[in-house]
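Student: Following this message is one structure expressed as structure tokens.
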Amino acid sequence: MSRALPAPSAEPAGCSRRQFLAFGWIPFLRPSHIHLAGARFRILRSGRSSRRYLFIHGNEETARAVLTRFMQTQEGIAYLIEGHARNVSIDSGQIDPNRMFSRAGAEASLKNLNPAWSPQQREAALRALDRGREHLVRALLPPRRGVLVALHNNSEEYSVTEEVPISDATSLREPANPHAFFLCTDPADFAVLSQSPYNVVLQHDKPSVDDGSLSHLAARRGVRYVNLEVRLGQADRQLEMLRWANWNLP
């Protein structure tokens, strides 16, 4: 006599009914934060878009506000650093979080920001970064042919004029407003962005000097990366440029 098979269960193996009811289907649990050293990023997810967004310097509050507002209506995954200082802690010192993406860049930042450190202290911090760097990089970088857009704010000391001499191509539609510009690593993206009313520079070739920035890492790995810079406090302009890029880039 045949015996009826038990009905399939939606409860995953090794998970109690109480755990299942409390947490839901385990594969859909996703972290809300990711960190490397003292750089802790809050993760905002919406939809299934291959677009990725990044806010990495805590003191650039205009970019934080713009990206938070943007993600309320747009799809993609955004990573927003917590805290309100430009640099983040590591051991007893500090480091620029946008100089952590290579050992050479991290070492230069550690030397600059922690001049009293011994070589042993610096080496211990570098080893810690080496252990966790790739995990963060894999999270931040978009899937194949996706694009990563990083939002930054600047002041008097920095503008597109510093990038023009080291760029492969430029389109300066607003020379009187050098503090608002796109920096991209993909020639096809440059072709699109250069049709915009904004300043754009292309840095496609692998950089000769590795400063540890995410843009240099993207260029080395052939990843589509767009850096959106505006002056601190110009939220309307940054949101306008972000929406233009989001609408026009494939």
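A short reminder: the numbers here are calculations on the coordinates, not readings from a lab. Keep in mind that this is a model prediction, so the values were computed, not measured. Please note: Cβ atoms are built from the backbone with ideal geometry, for glycine as well, and neighbour counts cover all protein chains shown.
Student: Mind pulling the angle between the C-alpha long axis of helix 119-140 and the longest principal axis of the chain? Nearest 10 degrees, somewhere in 0 to 90.
Tutor: So the inclination is approximately 70 degrees.
Student: Rg and Dmax of the chain, using alpha carbons, in Å: what are they?
Tutor: When restricted to Cα atoms, the chain yields Rg and Dmax of 21.2, 87 Å.
Student: May I pose another question? Whose amide H sits under 5 Å from the amide H of ALA150, counting only residues 5 or more places off or on another chain, with H placed in the peptide plane?
Tutor: LEU54, VAL226, ASN227, LEU228
Student: Rounding to the nearest 20 debye, state how big the charge dipole of segment 24-123 is about its Cα centre with +1 on each Lys and Arg Cβ and -1 on each Asp and Glu Cβ. Mind dumping the intermediate values first?
Tutor: On the way: 14 positive and 8 negative charges, 75 e Å.
Here the size comes out at about 360 debye.
Student: Could I ask something else about it? Tabulate in residue order the Karplus-calculated ³J(HN,Hα) for segment 77-87, using 6.51 cos²θ - 1.76 cosθ + 1.60 with θ = phi - 60°, rounded to whole Hz; enter x for Gly and Pro.
Tutor: 10, 10, 10, 10, 5, 8, x, 10, 9, 5, 9
Student: Could you derive backbone 3J(HN,Hα) for segment 201-208 from the dihedral phi with the Karplus parameters 6.51, -1.76 and 1.60 (θ = phi - 60°), listing whole Hz in sequence and x where the residue is Gly or Pro?
Tutor: Values per residue, Gly and Pro as x: 10, 10, 10, 8, 5, 4, x, 6 Hz.
Student: Can you tell me the orientation of helix 235-248 relative to the chain, as the angle in degrees between its alpha-carbon axis and the longest Cα principal axis, to the nearest 10?
Tutor: 70
Student: Could you size up the charge dipole of the chain around its Cα centre, putting +1 on the beta carbon of Lys and Arg and -1 on that of Asp and Glu, and report it in debye to the nearest 20? Write out the running numbers ahead of the final one.
Tutor: On the way: 31 positive and 25 negative charges, 289 e Å.
Approximately 1380 debye in magnitude.
Student: Provide HIS35, HIS135, HIS179, HIS216 in ascending order of the number of other Cβ atoms located within 10 Å of each residue's Cβ, fewest first.
Tutor: Numbers: HIS35 15, HIS135 11, HIS179 20, HIS216 23.
Fewest to most other Cβ atoms nearby, the residues stand as HIS135, HIS35, HIS179, HIS216.
Student: Still on this structure, I have one more. Along each of the three principal axes of the Cα atoms of segment 46-127, give the extent in whole Å, ordering the values from largest to smallest.
Tutor: Per principal axis, max minus min of the Cα coordinates gives 48, 23, 16 Å.
Student: What does the charge count near ASP210 come to, summing +1 for each Lys or Arg and -1 for each Asp or Glu among other residues with Cβ under 15 Å from its Cβ?
Tutor: Details: positive: ARG99, ARG103, LYS111, ARG133, LYS206, ARG220, ARG221; negative: ASP96, GLU107, ASP130, ASP205, ASP211.
So the surrounding residues net to +2.
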